[in-house]
Amino acid sequence: MKANVPQLRELVLLYGLDEKGERGTAVRRLLESMKIPAKTITEDMLCQTVGWCAEIPGFAEKEITTTGVDSVAQEEAMVLRGFSKKRLDQLLDGMNEAGIHISLKAIVTAHNMNWEFGALLTELKREREAIRIQAKK
């Protein structure tokens, strides 16, 4: 049996994009124009599960630890929940048109919703580096 992420409304989790900074403001302005809610993920939330961060029912808040903070503290990331392919394409097109590039992006899946948010960011960084190495060959 295949596990699925419950069908939930759109939500974008933003990490490393200061609400008062130019890039964070630009991203939030785009999301607001598309009527997509955003949630800021802070460093003390990196130990929480992706499911809890994405407000998926059944995920409890964990005790705060410092696991993974140092390895991802300087990254920007966007994690998406509840997007159809059409809406995902619209968001990515809007980001391109606005000149917004965030290299760490993911969709909440049945596979990653049990991961700690910091572990997801670490995996995204690892994948990005593997792609860079492969592209150089």
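Below are the figures for this structure:
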{"quantity": "Built amide H within the under 5 Å cut-off of Ala38, gap 5+", "calculated": "Val12"}
{"quantity": "Whole-Hz couplings from phi, Karplus 6.51/-1.76/1.60, listed for region 115-127; x for Gly and Pro", "calculated": "6, 5, 4, x, 5, 4, 5, 4, 5, 4, 5, 4, 5"}
{"quantity": "³J(HN,Hα), Karplus 6.51/-1.76/1.60, whole Hz, each residue of region 87-99, x for Gly, Pro", "calculated": "5, 4, 4, 4, 5, 5, 4, x, 5, 4, 4, 8, x"}
{"quantity": "Accessible area (Å², 1.4 Å probe, nearest 10) - Asp18", "calculated": "100"}
{"quantity": "Farthest positive-ward along the chain dipole, Cα basis, beta-carbon charges - from Tyr15, Ala119, Leu92", "calculated": "Leu92"}
{"quantity": "Under the Karplus curve 6.51 cos²θ - 1.76 cosθ + 1.60, θ = phi - 60°, whole-Hz ³J(HN,Hα) for region 31-47, x wherever Gly or Pro sits", "calculated": "4, 4, 5, 9, 6, 10, x, 10, 10, 7, 9, 9, 4, 6, 9, 5, 7"}
{"quantity": "Base-10 log of normalised Debye intensity for the chain (one unit scatterer per alpha-carbon) at q = 0.14, 0.16, 0.21 Å⁻¹", "calculated": "-0.66, -0.86, -1.40"}
{"quantity": "Lys pairs under 20 Å by Cα in region 3-137, provided they are eight or more residues apart or on distinct chains", "calculated": "12"}
{"quantity": "Cα→Cβ-extended label distance, 7 Å offset, between His101 and Arg128, nm", "calculated": "1.1"}
{"quantity": "Full-extension gain in nm, Thr109 to Phe59, via 0.36 nm per residue minus C-alpha separation", "calculated": "16.6 nm"}
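The values are calculated or read from the model by the stated rules, or taken from the named source; none is laboratory data. Just so it is clear, the structure is predicted and the values come from calculations on it, not from any experiment. In this analysis, Cβ positions are derived from the backbone assuming ideal geometry, glycine residues included, and neighbour counts consider all displayed protein chains. To get the accessible areas, we keep the full protein, side chains included, count just its heavy atoms, and leave off ligands, DNA and RNA. Shrake-Rupley method; radii C 1.70, N 1.55, O 1.52, S 1.80 Å.
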